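Only one structure is covered here, and it is reproduced in the block below.
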Amino acid sequence: MDRFLHFADSLSVWVGKCFAWCIVVLTFATCYEVFVRYVLNAPTVWAFDMSVQMYGALFVMSGAYALAQDAHVRGDVLYRLMSQRTQASIDLTLYILFLLPAVFALTWYGYGFAKDSWFYKEVSWSSPARIQIYFFKTLIPVAGALIFLQGVAESIRCVMCIRDGYWPKRMHDVQETEEVMLQNNETTES
């Protein structure tokens, strides 16, 4: 099981880091557009489309990364006071009832949308440049499949925690400031 968890986490982190570069592209494209629009008085027809597509790609492809890093939003006012087994039981129930069916539907229907988009060589109807969007619609089922894979890994993690009483180790890419401060307090106290 550890090999599968490591594979799912590694894949999600790798994809998340690759698509994080969309921020750089988005930043440069926006800066370029602002410069040519307001300094040269020559706006582009593609900058708006670029920003929508880069942000959309970043958003859909970062879901599995956030799940792998345990970074999705949760109301942990009460959650963090519960035992790890109780936390795992709650998470497992929510994964089975909500996450896995939702990402299965996202993958299934997203595939249909992407397939139709490729068939028609779909272009953006709201764009003056009429750019092709079927490449980006392909990201919908890909993102769904990655989140589904990571959701299965998280469900396995929950089962292991319920069985063993503690959470299995997770690959950490980044940590919340609160967690770093707690770790620093624990090391200085001991």
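Every read-out reported here was derived from the displayed coordinates using simple, explicitly stated rules and does not represent laboratory data. Remember, predicted model here, so these are calculated numbers, not experimental data. Counting neighbours? That spans all protein chains shown, and the Cβs are built from the backbone with ideal geometry, glycine included.
Taken over region 1-83, the alpha-carbon convex hull comes to 105 cubic angstrom per residue. For the peptides 101-112, 34-45, residues were scored by their other Cβ atoms within 10 Å and the scores averaged per peptide; the highest-first order is 101-112, 34-45.
Sequence-distant contacts, meaning Cα pairs under 8 Å at least 6 residues apart, place the relative contact order of region 2-175 at 31 percent. Between SER117, SER127, SER155, which gets the highest mean-square fluctuation from a Gaussian network model of the chain, Cα cutoff 10 Å? Result for the chain, Cα springs under 10 Å: SER127 fluctuates most. Restricted to Cα atoms, region 96-167 shows a radius of gyration and a Dmax of 17.3, 58 angstrom. Where [x] 1.08; [y] 1.73; [z] 1.38 are the candidate values, the label of the one calculated here for Rg/Rh (Cα atoms, Kirkwood Rh) is [x]. Across region 85-101, computed HN-Hα scalar couplings (Karplus, 6.51 cos²θ - 1.76 cosθ + 1.60, θ = phi - 60°) run 5, 5, 4, 5, 5, 5, 4, 4, 4, 5, 5, 5, 7, 10, 5, 4, x Hz from first to last residue, x flagging Gly and Pro.
The distance linking region 15-76 with region 94-129 is 19 Å (Cα centroid to Cα centroid, whole angstrom). A Gaussian network model of the chain, with springs between Cα atoms under 10 Å, assigns the largest mean-square fluctuation among GLU179, GLU33, GLU122 to GLU179. Over the chain, dividing the summed -39,500 (n - 2.57) contributions of all DSSP H runs of at least 4 residues by the number of residues returns a 222 nm mean residue ellipticity of -23500 deg cm²/dmol.
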